[in-house]
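The values are calculated or read from the model by the stated rules, or taken from the named source; none is laboratory data. Small disclaimer: the values here were computed from a predicted structure and weren't measured. Neighbour counts are summed over all protein chains in view; Cβ atoms, including those assigned to glycine, are modelled from backbone coordinates with ideal geometry. Quick note on the areas: whole protein, heavy atoms, side chains included, nothing else; ligands and nucleic acids left out. Shrake-Rupley method; radii C 1.70, N 1.55, O 1.52, S 1.80 Å.
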Amino acid sequence: QVQMVEAGGGLVQAGGALRLSCAASGSIFRIIDMGWYRQAPGKQRELVATATSGGNTNYADSVKGRFTISRDNAKNTVYLQMNSLKPEDTAVYSCNADLRVRLNGPLFRYWGQGTQVSVSS
């Protein structure tokens, strides 16, 4: 089994910053990609940012220049530094990891439980 544990959500004023973390643990052979998604009330879940094991990153246009995704591969952990937060960033943020549990095994996607980020105006 694999567990994904998130931390770091909360309430912040517009213009403030938060840092999310997500640690994967359990029967992991190798994590390929890790990422963050968010879902606001009444909206579909959307991609925020992804990071490959090689360090390539991808961001939604709405967060470029404000958010930074990073990984600590030794700790199987992904971070999301969120600066210059806006009320429209309010959502439940969830991390995920695409990983293998054994050599040459299939890829599985695991999700964290989600953490609430609320930005007040």
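Give Met82, Met4 a once-over and let me know the one that is out of contact with any Gly (no Cβ under 7 Å at 6 or more places or on another chain), of a type outside the set (Ser, Thr, Tyr) and surrounded by 15 or more Cβ atoms within 10 Å (Cβ to Cβ).
Details: Met4 fails: out of contact with any Gly (no Cβ under 7 Å at 6 or more places or on another chain).
Only one candidate passes the filter, namely Met82.
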Notebook entry, point to check: Between a first residue in region 46-63 that is in contact (Cβ under 8 Å) with a residue 40 or more places away in the chain and a second residue that is open to solvent by 60 Å² or more (accessible area, probe 1.4 Å) and part of a strand (DSSP E or B), which pairs have beta carbons less than 9 Å apart while being 6 or more apart in sequence or on different chains?
Noted result: none
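Which count do you get for residues in region 31-55 that are more than 13 Å from the chain's Cα centre (by Cα) and either loosely packed, with under 13 Cβ neighbours inside 10 Å or at pLDDT 95 or above (or both)? Give the derivation first.
Our first condition is that a residue be more than 13 Å from the chain's Cα centre (by Cα); within region 31-55, this holds for 31-32, 40-44, 53-55.
Applying the additional criterion that residues be either loosely packed, with under 13 Cβ neighbours inside 10 Å or at pLDDT 95 or above (or both) yields 31-32, 40-44, 54-55.
Qualifying residue count, region 31-55: 9.
Please specify each residue of region 61-79 satisfying the condition of being of a type in the set (A, V, I, L, M, F, W, C) and open to solvent by 20 Å² or more (accessible area, probe 1.4 Å).
Scanning region 61-79 gives a single hit, Ala74.
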